[in-house]
Amino acid sequence: PETIYLSDYSPFGFVVDEVTLTFDLHPENTRVKSRTAFRPNPAATDRTFFLHGENLKLINASIDGTPVAPDVSDKGLTCDVPDGPFIWESEVEIDPQGNTALEGLYMSNGMYCTQCEAEGFRKITYYPDRPDVMSVFTVIINGPHPVLLSNGNPVASSEGHAEWHDPWPKPAYLFALVAGELIAHADTFTTASGRKVDLNLYVRPGDEGKCAFGMQALKDSMKWDEEVYGRKYDLDLFNIVAVDDFNMGAMENKGLNIFNSSAVLASPETSTDMNFERIEAIIAHEYFHNWTGNRITCRDWFQLCLKEGLTVYRDSQFTSDMRSAAVKRIGDVIDLRGRQFAEDQGPLAHPVRPESFQEINNFYTATVYEKGAEVIGMLKRLVGDDAYATALDLYFERHDGDAATIEDWLKVFEDTTGRDLTQFKRWYSQAGTPRLKVIEDWADDTLTLTFTQHTPPSAATPEPQPLVIPISVGLIGPIGDEVAETRVLEMTEASQSFTFDGLAARPVASILRGFSAPVVLDHDLNDTERALLLAHDTDPFNRWEAGRTLARKSLLSMIREGTAPDRAYLDGILAVLRDETLDPAYRALMMGLPSQSDLATALHDAGEVPEPDLIYAATETMRAAMARRFRDVLPALYADNLVTAEYRPDAEQSGKRALANSALALITRTDGGVQAQAQYGAADNMTQQLSGLANLIRADRGSAALKAFEAQWKNDRLVMDKWFGLQVIEADPEDAADVAAALTDHPDFNWKNPNRFRAVFGSLVMHHAGFHHHSGKGYQLLADWLIKLDPVNPQTTARMCSAFQSWPRYDDDRKALITAELDRILAQPTLSRDVTEMLTRIRK
Ligand code: B3K
Ligand code: ZN
């Protein structure tokens, strides 16, 4: 496959002022007519007329009304064109029903829908399918469906016919079309300038009862973006459609967002608290794209983080405002370490702005999204809140309507603050997670912190250079009082010292408060000092981090030397649990342990080979020790936080349920599942029902409840996804792969549905010890199914391939087993570009 390079960018030779698309819908033979007005692009030198097009049957084409016979390949077409402006017209035939890849125009349960980002529009018609070509779209849809939707505003509609016009120029990746029998959950929002916006959430009949929460989240997002970023909505209509078959979470098409039903439909009976929070965040994310993504889009796909990093950053600010900022931050760091650090540590490591790709869909990664958001958080920390706000205003003013670059983005900050961001820009161009080591020196009344930064070299970045690292530091005195408030140190050198003087006694340094930079911190505190931070740090992130570090250290020595769980850690957490002034959600987080895969990462980082069975056993031993040590407080923690009031998915109630459920998990270790059975039986919401079920499975008495659950929910696809996933997640390591294999024989295992496929295999991969079973059966099962899925849906297959990315860190036997599976997949006679690129990169 061809490799595309950032450095090869050149603008398209033509400008598109407007395009009109006419769809005559038919499941197997949809006809698409396009009428596109081209004119030479004064900013371009190359006038090659190339239109992207894949899987299209060209019926006819003309230029200025005269039929033409273009040169057609499997990638697109070329044609001789006039020197001046001209009208291109073509008609193609496509097969939505046969489109199982879920990219372009496809069908899901009898409904038509589209997914065009990144390069799916070329499967709909011939067009310059690149984000820097922006045009005004008019869309005409003919088809026997009660609901016919596209972007923008409706301009005409009659039975079986609708016409839409989007006044805002946009790239083709933001085009959308939906047709089917759908019900609208309607509402309105009035913008700060008095524009009344109609809002609709379109769902399949039967799902009407799951719309209210998503609608409220949309209205909250619209209001928040006005208040915090001064961004108003710019059309009279905003539609969201829920679809069951979707490759990812959701898509920000202009005025017509399309959502995986799992990312929008919610009800207390069918959705967990975590589902509610995720839905609120995704609705906000897609809505926020209207300004960061749509009004200002990307010049090319290398700039993906321009819209994704910024929009993730914005949605995390929104969630922090709607819920608890501390809890959100800790959750984000757990996620970053679990997914992005793992990516950076393995063969798929790439910079936030990659410099080459074969299949862009493979770069919608934790690095581009989550590390991309961290980079923006650092920028804000360095320039300060006021300068950030001024810079953002300038960004919107200067680049509205543009297809912009990271250079444009940084220039706005340079012009606002007078700073030179040349060095800061390395965060966008260098792969790898920096290691930040700190050495303390105490003399007279002065504490000196000497930091050394080191980014491990990778294939993507063989010679990393020093980065600008904002390091938030505060000092805690010996009796737990804060003796220096948070100060942001700006590190720019490979090694650099900072001093704090006038101190009465040697303090404990609380470093990297709020996780002020995405680095691995090496700070050699002793257990007493860490326990002091766990008890007294005023920074909620670092307080949690102190507990997490004690847990990690203890687990690592349990794994290495078979030591007993650390008492200081258990005592420290117990004190936190007893502190009723602390938010229940925060206390629930304090009860968590580093994931098994995080422990594997830590071992690998230390130059050791992780053994999944030992990691699993140590984690189990630690949990058993927690159950014993916390025995006296668990019943009250459980009872006091088991919410009995009417269900609300807000931060307060879900925090309590999270704490009660964390307590239940430990209680189950000693009561054999009695309490879990009671909770399962009494639950009137999915959060409690599902945790009851999970604990019953852990206590080895889940079979009756699993049957009952299945009977109760067999007609609800989203709940059944949980039923499939939970059995794998909660299986013994010995059985996880067998449980997954057995589930694939279940009549409801519809493997072409990405949610269902991920429910089983995403769960298997998350089950560290189960997936890495020494027999290799986990690897083999996944490989079998990836081989089966690839011809049907390359995108979902390729995403799942990242399960194998950490192979180089395991022992020789496992390495041999994994690489054999990778080679078996690579040897398939026809393999998608998506999977070929992923596996070739992983195999290196
Ligand atoms: N922009 C889309 C992701 C598209 C993924 C294409 N493979 C959703 C989002 O990030 O908001
Ligand atoms: Zn996004």
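Across q = 0.11, 0.22, 0.25 Å⁻¹, the stretch 752-844 modelled as identical point scatterers on its alpha-carbon atoms has Debye log10 I(q)/I(0) values of -0.27, -1.12, -1.43, in the order of the q list. Given +1 at the Cβ of Lys and Arg, -1 at the Cβ of Asp and Glu and no other charges, the dipole of the chain around its Cα centre is 1000 debye to the nearest 20. Working from Cα pairs under 8 Å separated by at least six residues, relative contact order for the stretch 714-844 is 21 percent. With the charge dipole of the chain set up from +1 on Lys and Arg Cβ and -1 on Asp and Glu Cβ about the Cα centre, the Cα lying farthest toward the positive end among the listed residues Ala43, Leu235, Phe246 is that of Phe246.
Rounded to the nearest 20, the size of the Cβ-charge dipole of the stretch 455-554 about its Cα centre is 300 debye, with Lys and Arg at +1 and Asp and Glu at -1. Magnitude of the charge dipole for the stretch 126-191, about its Cα centre and with charges confined to Cβ atoms of Lys, Arg (+1) and Asp, Glu (-1), is about 160 debye.
Per residue, the Cα convex hull of the stretch 309-367 amounts to 80 Å³.
For the stretch 564-663, take N as its residue count and report Rg(C-alpha) divided by 2.2 N^0.38 Å.
Cα Rg divided by the expected 2.2 N^0.38 Å: 1.24.
Toward the positive end of the charge dipole of the chain, with +1 on the Cβ of Lys and Arg and -1 on the Cβ of Asp and Glu, the farthest Cα among Ala61, Phe86, Gly502 is that of Gly502. log10 I(q)/I(0), Debye, Cα-only the stretch 297-429, no solvent, q = 0.11, 0.16, 0.17 Å⁻¹? Reported log10 I(q)/I(0), two decimals: -0.40, -0.85, -0.96.
Within 14 Å, Cβ to Cβ, of Pro347, how many net charges do the neighbouring residues add up to if Lys/Arg are +1 and Asp/Glu are -1? Overall, the nearby charge balance is +2. With both labels modelled 7 Å from their Cα along Cα-to-Cβ, the Val155 to Asp64 distance reads 2.5 nm. Rounded to the nearest 500, the helix-only mean residue ellipticity at 222 nm of the chain stands at -12500 deg cm²/dmol, with each DSSP H run of n ≥ 4 adding -39,500 (n - 2.57). Compared with the dominant principal axis of the Cα atoms in the chain, helix 596-605 is inclined by about 80°. Volume per residue of the convex hull around the Cα atoms, evaluated for the chain, comes out as 161 Å³. With a cut-off of 12 Å between beta carbons, the residues surrounding Lys254 carry a summed charge of -3, where Lys and Arg count +1 and Asp and Glu -1. Ellipsoid semi-axes for the stretch 95-186, based on the Cα gyration tensor and the rule √(5λ), read 21, 18, 10 Å when sorted largest first.
Output the direction-averaged projected area (hull surface divided by four) of the convex hull of the alpha-carbon atoms of the stretch 566-622, in nm².
Spelled out: convex hull of the Cα atoms, projected over all directions, averaged, 4.6 nm².
The Cα center of the stretch 445-478 and the Cα center of the stretch 158-219 differ in position by 47 Å. Normalising by residue count, the stretch 15-85 has a Cα convex hull of 104 Å³ per residue. For the stretch 649-786, the Cα-based Rg and Dmax, in that order, read 15.3, 45 Å.
Considering only Pro540, Ala699, Ser554, and ranking their Cα positions along the charge dipole of the chain that arises from unit charges at the beta-carbon of Lys, Arg, Asp and Glu, the one farthest toward the positive end is Ala699.
Rounded to two decimals, the Cα-based Rg/Rh of the stretch 22-129, with Kirkwood Rh, is 1.00. When only alpha carbons are used to place a centre, the stretch 333-400 and the stretch 787-811 end up 24 Å from one another. Computed over the stretch 535-582, the convex hull of the alpha-carbon atoms projects to a mean area of 3.3 nm².
Which percent of the Cα-Cα distances in the stretch 435-524 go past 23 Å?
Value for the stretch 435-524 (Cα pairs over 23 Å): 25 percent.
Summing +1 for each Lys or Arg and -1 for each Asp or Glu among the other residues whose beta-carbon sits under 12 angstrom from that of Asn715 gives -2. Shown here is the pair-distance distribution of the stretch 166-303: with all Cα-Cα distances grouped in 5 Å bins from zero up to the longest one, the shares run 2, 10, 20, 24, 21, 14, 7, 2, 0 percent. Treating r as the C-beta distance of Thr45 and Ala459 and R0 as 35 Å, the FRET efficiency rounds to 0.55.
Just so you know, all these numbers are worked out from the coordinates, no wet-lab data involved. Quantities reported herein were computed from a predicted structural model and do not represent experimental measurements. Cβ coordinates were reconstructed from backbone atoms using ideal geometry, including for glycine residues, and neighbour counts include every protein chain displayed.
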